[in-house]
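Visitor: Quick one: structure below, then a few questions.
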Amino acid sequence: MLKKTFATRVAVVLATAVVLIPAGAHSAARLTIHADQPVSTVSPTLYGLMTEEINYSYDGGLYAEMVRNRTFGADWSGVQHWILLENGAAQAKMGGDRGTGPSKAMSHSLRLDVAKADAENQAGVLNVGYWGMAVRPETTYKGSFWAKADGAEIGPVTVALVNNQSGKAEGKTTVPGVGKEWKQFEFTLKTGQLEASAQNHLELTVGHAGTLWLSLVSLFPPTYHDRPNGFRVDLMEKLAEMHPQFLRFPGGNYLEGDHIAERFDWKKMIGPVVDRPTHRSPWGYLSTDGMGLLEFLDWCEDLKMSPVLAVYAGYSMAQEHVAPGPELEPYVQDALDEIEYVTGGPDTKWGAVRVTDGHPAPFKLMYVEVGNEDNFDRSGSYEGRYAQFYKAIKTKYPELQVIATMPLKNMKPDVQDDHYYVRAQTFFQDQTHYDKIDRNGPKIFVGEWATREGAPTPNFGAALGDAAWMTGLERNSDLVVMAAYAPLLTNINPGGLQWDTDLIGYDALRSYGSPSYYAQVMFGSYLGSETPATKLEGVAAVPEGGTPKFFHSVTRDAAKKKLYVKLVNASTTAQTLDIALPGAKLATDGKLVALHAHNTQATNTIEHPTQVVPAESVLHGVGEKMSHTVPGLSIEVLVLEEK
Ligand code: AHR
């Protein structure tokens with residue numbers, strides 16, 4: 001289990017990093033902060049997570065399942081990610097069987113015909129995992145499979161986690177009792193002393209001739225908070241460090257699907273996984289649907305995030321839409337049922353289903369989003385579709401805030417979701433975007449945004465663009481109630497990624513945060529509750545048509561009596577600030593959290609995960625008047641304590 005927290009990483013960096021201030025600096029600028037004059041509130045839910053099944057974010061990512069293609073889907077090349085095993089003199093054949101399976105939802109399986117096998121010459125199958133399987137020392141793995149056989153002769157199934165290079169079984173057990181009817185079997189595999197590695201696979205073998213059918217072969221490592229069907233620990237810890245206040249799910253395009261039949265059909269993604277049929281995600285691969293509605297809600301609970309529930313709204317990306325009116329009604333009802341599943345008591349139909357699924361307490365829900373990026377619907381049906389959902393949701397749940405996915409002409413939605421995927425220069429130029437927006441319009445949810453520079457994960461130049469943009473979001477968070485970077489996760493193996501520039505990268509064993517991730521951690525950790533009046537003067541003038549390179553936002557946490565001064569210097573030249581805090585009584589020592597690199601292309605990778613990470617130090621000389629120099633190419637948070 002990876003147990004390195006943000007704090008320990010910072011400490012490691014402190015011991016080793018030297019932040020160089022380039023020779024020559026801009027002449028000093030003046031930043032005046034009237035800490036006792038709040039001009040606007042900061043939304044307590046400003047920073048959160050946006051997520052969907054893209055880049056193997058869940059399968060092969062956050063969802064800790066280790067077996068790939070656990071339900072034995074096949075294509076022209078055969079059953080993917082499964083290999084036939086004929087050890088020694090054993091003889092066998094394998095193939096997909098569409099005629100039998102353990103449930104109505106899972107009506108197919110793998111058929112293994114063993115012509116010859118014995119205890120020393122076993123036959124079976126192996127699974128390669130999601131680019132390998134992470135095996136760690138002294139760890140218990142919990143597994144299960146569904147199976148039936150043509151007779152008792154097939155004998156017990158031997159299950160082993162095997163190292164690809166040494167061939168050593170790092171954990172092994174036998175599972176007896178496979179009979180003529182489909183049945184689920186559970187097992188555990190325990191490892192001993194070994195070097196953690198991703199180069200392992202899972203074997204299931206038998207020592208007698210006969211026919212064996214297998215379905216839903218599953219193996220989980222220890223999960224975050226030990227949840228069954230749960231989440232990878234290292235990734236959850238990384239997400240927790242961002243202090244996310246909400247989770248927007250399940251998409252993104254993943255909500256819509258390419259076709260209506262491929263939408264996020266939540267009723268098919270609850271209850272035992274054997275009753276979930278799986279479906280094709282718009283990002284080109286099959287989703288196990290192990291991450292269903294309740295798992296998303298569990299995730300919210302684990303990280304104390306508010307769910308922002310996006311409901312399917314009758315548009316799928318291949319320009320398929322459902323016309324507003326009677327045709328749309330079943331989809332509206334589905335959304336109402338979904339809200340009831342999330343929030344209803346045991347006395348409601350869908351609340352009772354949630355109780356049966358294992359979560360007696362209702363979840364608190366504040367926001368429901370109707371669709372995703374409906375500006376792409378060329379039929380122009382969204383105004384009508386949104387209005388129909390809005391009316392039905394508000395009638396039953398007047399307290400809910402209903403988010404629209406595009407600007408509307410005919411009505412004012414509660415909240416409007418804006419998306420931005422741009423280069424750093426664009427964010428530098430546009431960071432005042434929301435300074436100019438009418439406060440009488442809808443509240444704003446920046447439901448997806450990112451500086452797209454760097455692949456598979458953003459580099460330091462992107463982090464500068466992100467940080468500049470976030471200063472604008474903070475200054476305007478009376479209007480911008482929520483914002484989420486996207487996409488959040490990517491498996492960095494070949495074929496793992498469908499979208500460049502994702503916040504956190506990983507393989508089966510390891511994970512790392514990009515420089516943009518650390519910018520998020522810094523902004524999310526020091527949010528504040530109000531924005532005091534500030535004035536910045538004398539920053540190097542921006543030439544006509546040029547791009548501003550210095551950005552700031554100041555927030556105050558009224559409860560903790562702390563001031564957070566965020567400074568972003570995207571130029572290569574240091575900027576000195578004479579900071580005045582008229583009337584403020586401050587502890588003379590504050591804290592400086594700084595993220596710095598020598599150029600915009602500096603980045604973190606799976607092999608070098610801590611090249612660009614924040615460094616913490618004591619900020620001496622804090623007072624009503626203080627001087628502070630921000631090195632070129634730096635993102636900083638100054639934490640000042642009121643006495
Ligand atoms: O974040 C990747 C995709 O970008 C989302 O699925 C979609 O909403 C947007 O176009």
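The values are calculated or read from the model by the stated rules, or taken from the named source; none is laboratory data. Computed from a prediction, not measured in an experiment: that's the story for all the values here. Please note: Cβ atoms are built from the backbone with ideal geometry, for glycine as well, and neighbour counts cover all protein chains shown. Quick note on the areas: whole protein, heavy atoms, side chains included, nothing else; ligands and nucleic acids left out. Shrake-Rupley method; radii C 1.70, N 1.55, O 1.52, S 1.80 Å.
Visitor: Need one word for the stretch 277-317: rounded, prolate or oblate. Basis is the Cα gyration tensor (sqrt eigenvalues a ≥ b ≥ c); a/c below 1.5 gives rounded, then a/b vs b/c decides.
Guide: It comes out oblate by the Cα gyration axes.
Visitor: If you look at just the Cα atoms of the stretch 495-613, how large are its Rg and its Dmax in Å?
Guide: Cα only, the stretch 495-613: 17.8, 58 Å (Rg, Dmax).
Visitor: With the cut-off at 1.5 for a/c, could you classify the stretch 181-329 from its C-alpha gyration tensor as rounded, prolate or oblate?
Guide: Cα axes put the stretch 181-329 in the oblate bin.
Visitor: For the stretch 409-417, what does the Karplus curve 6.51 cos²θ - 1.76 cosθ + 1.60, with θ = phi - 60°, yield as ³J(HN,Hα) per residue in whole Hz, taken in order and with x for Gly and Pro?
Guide: Each residue of the stretch 409-417 in turn: 8, 8, 8, 9, x, 5, 9, 10, 9 Hz.
Visitor: What is the spin-label model distance, in nm, from E544 to S166 if the labels are put 7 Å beyond Cα along the C-beta direction?
Guide: For E544 paired with S166, the spin-label model returns 7.1 nm.
Visitor: Can you list the trypsin sites (Lys or Arg not before Pro) in the stretch 541-597 that are in a DSSP coil and have 16 or fewer other beta carbons within 10 angstrom?
Guide: Here the sparse-neighbourhood loop sites are K560, K561, K585.
Visitor: Once phi is turned into θ = phi - 60°, what whole-Hz ³J(HN,Hα) does the Karplus curve with 6.51, -1.76 and 1.60 give for every residue of the stretch 502-517, x standing for Gly and Pro?
Guide: Rounded to whole hertz, the list is 10, 5, 10, x, 6, 10, 5, 9, 10, 8, 8, x, 6, x, 4, 4.
Visitor: Give or take rounding to whole Å, what are the principal axis extents of the alpha carbon atoms in the stretch 418-502, in descending order?
Guide: Sorted largest first, the three principal extents are 48, 22, 14 Å.
Visitor: Extension gain F376-E186, at 0.36 nm per residue separation less the Cα-Cα distance, in nm?
Guide: 63.8 nm
Visitor: Then there is this: Pull up the DSSP beta bridges for the chain and report the antiparallel fraction as a percent, rounded to 5.
Guide: So the antiparallel bridges in the chain amount to around 70 percent.
Visitor: Divide by every residue of the chain the summed helix terms, -39500 (n - 2.57) for each DSSP H run of at least 4, and state the resulting mean residue ellipticity at 222 nm, rounded to the nearest 500 deg cm²/dmol.
Guide: The helix contribution divided over the chain gives -5000 deg cm²/dmol.
Visitor: Which of L84, A74, Y56 sits farthest toward the positive end of the charge dipole of the stretch 50-89, with +1 on the Cβ of Lys and Arg and -1 on the Cβ of Asp and Glu?
Guide: L84
Visitor: Relative to the longest principal axis of the C-alpha atoms of the chain, give the angle of the C-alpha long axis of helix 6-16, reported between 0 and 90° and rounded to the nearest 10°.
Guide: That works out to roughly 60 degrees.
Visitor: Need the C-alpha centroid separation for the stretch 311-346 versus the stretch 349-407, integer Å.
Guide: Each part reduced to its Cα centre gives a spacing of 8 Å.
Visitor: Here is a further query. Compute the length gained on full extension between N599 and A580: take 0.36 nm times their separation in residues and subtract their Cα-Cα distance, giving the result in nm to one decimal.
Guide: 3.8 nm
Visitor: For the stretch 555-615 and the stretch 423-472, what is the separation of their C-alpha centers, rounded to whole Å?
Guide: 18
Visitor: A follow-up question, please. Can you give the Rg/Rh ratio of the chain, where Rg is from the C-alpha atoms and Rh is the Kirkwood radius?
Guide: 1.02
Visitor: Could you report the accessible area of E181 in Å², rounded to 10, computed with a 1.4 Å probe on the protein chains as they sit in the structure?
Guide: Its heavy atoms expose roughly 140 Å² to the probe.
Visitor: Please list, by residue number, every one of the trypsin sites (Lys or Arg not before Pro) in the stretch 417-480 that is coil in DSSP and has at most 15 other beta-carbon atoms within 10 Å.
Guide: In loop regions of the stretch 417-480 (DSSP not H, G, I, E or B), the sparsely surrounded trypsin sites (Lys or Arg not before Pro) are R423, R439.
Visitor: Would you mind working out the magnitude of the charge dipole of the chain relative to its Cα centre, with +1 at each Lys and Arg C-beta and -1 at each Asp and Glu C-beta, to the nearest 20 Debye?
Guide: Using Cβ point charges on Lys, Arg, Asp and Glu, the chain gives about 840 debye.
Visitor: Given H placed 1.01 Å from N in the peptide plane, which residues other than close sequence neighbours of G171 have an amide H under 5 Å from its amide H?
Guide: Residues meeting the amide H criterion: L161.
Visitor: What Kirkwood hydrodynamic radius, in Å, does the stretch 17-149 give when the mean of 1/r is taken over all pairs of distinct Cα atoms and then inverted?
Guide: This gives a value of 20.9 Å.
Visitor: Leaving out ligands and nucleic acids, and using a 1.4 Å probe, what accessible area per residue does the chain come to in Å²?
Guide: 38
Visitor: How large is ³J(HN,Hα) for each residue in the stretch 48-58, as worked out from phi by the Karplus curve 6.51 cos²θ - 1.76 cosθ + 1.60 (θ = phi - 60°), to whole Hz, x for Gly and Pro?
Guide: x, 10, 10, 8, 6, 7, 8, 6, 6, 6, 9
Visitor: Give the aspartates and glutamates reachable from K180 as a straight Cα distance under 17 Å; neighbours fewer than 8 places away on the same chain don't count.
Guide: K180 reaches D97, D113, D150, E153.
Visitor: Are any of the pairs K268/K412; K349/K396; K172/K268; K394/K443 more than 26 Å apart by Cα-Cα distance, and if so, which?
Guide: Check vs 26 Å cut-off fails for K268/K412; K172/K268.
Visitor: Right, here's the next one. Calculate what fraction, in whole %, of the accessible area of the chain sits on carbon and sulfur atoms when a 1.4 Å probe is rolled over the protein chains.
Guide: 53
Visitor: Would you mind checking which residues have amide H under 5 Å from K116's amide H? H placed 1.01 Å from N; only 5 or more apart, or other chain.
Guide: Q91
Visitor: Name the residues whose placed amide hydrogens come within less than 5 Å of the amide hydrogen of G155, ignoring near sequence neighbours (fewer than 5 apart) on the same chain.
Guide: The answer is none.
Visitor: To continue, here is another question. Taking the Cα centroid of the stretch 63-100 and of the stretch 236-281, what is the distance between the two, rounded to the nearest whole Å?
Guide: Cα centres, the stretch 63-100 to the stretch 236-281: 26 Å.
Visitor: On a 0 to 90° scale, report how tilted helix 382-396 is relative to the longest principal axis of the chain, with both axes built from alpha carbons and the result rounded to the nearest 10.
Guide: The angle comes out at about 80 degrees.
Visitor: For the chain, take the longest principal axis of its alpha carbons; what is the angle in degrees between that and the long axis of helix 293-303, to the nearest 10 within 0 to 90?
Guide: Between the helix axis and the principal axis of the chain, the angle is about 50 degrees.
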